[in-house]
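Below: one structure, written as structure tokens.
The values are calculated or read from the model by the stated rules, or taken from the named source; none is laboratory data. Fair warning: this is a prediction, and the values are worked out from it, not measured in the lab. Reconstructed Cβ throughout: ideal geometry from the backbone, glycine too, with neighbour counts over all protein chains shown. Areas reflect the complete protein model, heavy atoms only, side chains present, ligands, DNA and RNA absent. Shrake-Rupley method; radii C 1.70, N 1.55, O 1.52, S 1.80 Å.
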Amino acid sequence: MKREDTKDVLVYIEVADGSPVKASLESLTPARSIADARGESVVAVVLGSGREAVANEVATAGADRVIYVDSDELRDFNLDAHADVLGQIVEAEKPAVVLLGGTTDGKDLAPMLAARFQSASASDVIGVATEGKDVTYTMTEYSGTVLSDVKIASAPEIATIRSGAFKKLESPAQGKVESGSYAVSDGAVRAKVIDTVQEITESVNLEDAEIIVSGGRGLGSKEGFALVEELARVLGGEVGATRPAIEDGWIAKN
């Protein structure tokens, strides 16, 4: 894809439990910043089935246009299927920039799109700066101990936005929703989810928590980890844990 043929900023909106995920809505903020600096528009993409309410919500959250693809093939997330349809939309829209929330799904989709269009992707972006048509992405590396400023010379520029790095837009303009006629290509899906087993626990969204009390293997035992839960209750916060504590069964993975 030639850079001179590209225009606008496209944002993939991930959906979980019938609602757009926080990282996706936050991604509309840097998208708006880039688009306004370039005199262009923000185009959001919602994939799935029966998600008209989600598309309408995104239209009020900062997108000028929302492309909604209503398809049973996209009801549940499948990396092959979603990457294929999202790639088709990118081919049709020719966006200069593609942003995705820095979730597990977003970090899977970004490199697949980059490979499809022979471009590159910036990961865990916490800041953007636009000068003319050039965008500089500030990335975190080495668990956040190093910050790197990068520019992507190929098109489209692809980046995943770190959750919590940007606040949602305040009082954005009303956008419009339009239907997208796209289908999963024959042979695109190489792996299918046969069944999903979800552990029934009290779900906690740590991304929205103001106070998090976390512990790990240093607490010594499940009984010792109970101190973390007690302190979280006292402080009115949520409980977090390192991977070893979760693997040892001291706390359920939410």
### Message
Just to verify a result, which residue in the range 1-59, among those that are among the acidic types (Asp, Glu) and at pLDDT below 95, is surrounded by the fewest Cβ atoms within 10 Å (Cβ to Cβ)?
### Response
ASP17
### Task
Show the residue pairs that are 6+ apart or on different chains and have beta-carbon atoms under 9 Å apart, the first residue being within the range 214-242 and more than 16 Å from ALA252 (Cα to Cα), the second being exposed (fewer than 12 other Cβ atoms within 10 Å of the Cβ) and of a type in the set (A, V, I, L, M, F, W, C).
LEU235/ILE211; GLY236/ILE211; GLY237/ILE211
### Residue ranges of strands (runs of 3 or more DSSP E) in the range 38-111 with at least 3 members of a type in the set (Val, Ile, Thr) and under 16 Å from the mean Cα position of the chain (by Cα)
42-48
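Results for (1) closer than 24 Å to SER41 by Cα; (2) in contact with a His (Cβ under 7 Å, 6 or more places away or on another chain); (3) in a loop (DSSP other than H, G, I, E, B), shown as yes or no for each residue.
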| residue | (1), (2), (3) |
| --- | --- |
| VAL135 | yes, no, no |
| GLY164 | yes, no, yes |
| LYS167 | yes, no, yes |
| GLN174 | yes, no, yes |
| GLY187 | no, no, yes |
#### Entry: Selection from the range 1-21 of residues that are of a type in the set (Asp, Glu) and touching a strand residue (DSSP E or B) at 6+ places or on another chain (Cβ under 9 Å)
ASP8, GLU14
### Task
Select, from THR160, THR130, THR145, THR138, the only residue that is touching a Leu at 6+ places or on another chain (Cβ under 7 Å) and surrounded by fewer than 22 Cβ atoms within 10 Å (Cβ to Cβ).
THR138
### Message
Looking at GLU207, GLU178, can you tell me which residue is open to solvent by less than 100 Å² (accessible area, probe 1.4 Å), under 28 Å from LEU86 (Cβ atoms) and at pLDDT below 75?
### Response
GLU207
### Task
Only one of these is within 23 Å of VAL45 (Cα to Cα) and either more than 15 Å from the chain's Cα centre (by Cα) or in a strand (DSSP E or B) (or both): ILE194, ILE126. Name it.
ILE126
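Which of the following residues is in contact with a strand residue (DSSP E or B) (Cβ under 7 Å, 6 or more places away or on another chain), among the aliphatic types (A, V, I, L, M), assigned to a loop (DSSP other than H, G, I, E, B) and at pLDDT 95 or above: ILE152, ILE158?
The conditions single out ILE152.
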### Query
For the range 214-229, which residues satisfy the criterion of being assigned to a helix (DSSP H, G or I), open to solvent by less than 70 Å² (accessible area, probe 1.4 Å) and in contact with a strand residue (DSSP E or B) (Cβ under 9 Å, 6 or more places away or on another chain)?
GLY224, PHE225, VAL228, GLU229
### Message
Just to be sure I understand the filter: pairs with C-beta atoms under 6 Å, separated by 6 or more residues or on different chains, first member in the range 21-33 and farther than 14 Å from VAL45 by Cα, second member open to solvent by 30 Å² or more (accessible area, probe 1.4 Å) and part of a helix (DSSP H, G or I). Which pairs pass?
### Response
LYS22/GLU207
### Task
Could you please tell me which pairs satisfy a Cβ distance under 6 Å, a separation of 6+ or placement on different chains, a first residue in the range 93-119 that is open to solvent by 40 Å² or more (accessible area, probe 1.4 Å) and modelled with pLDDT of 95 or more, and a second residue that is of a type outside the set (A, V, I, L, M, F, W, C) and not in a helix (DSSP H, G or I)?
LYS94/THR6; LYS107/THR160; PRO111/SER121
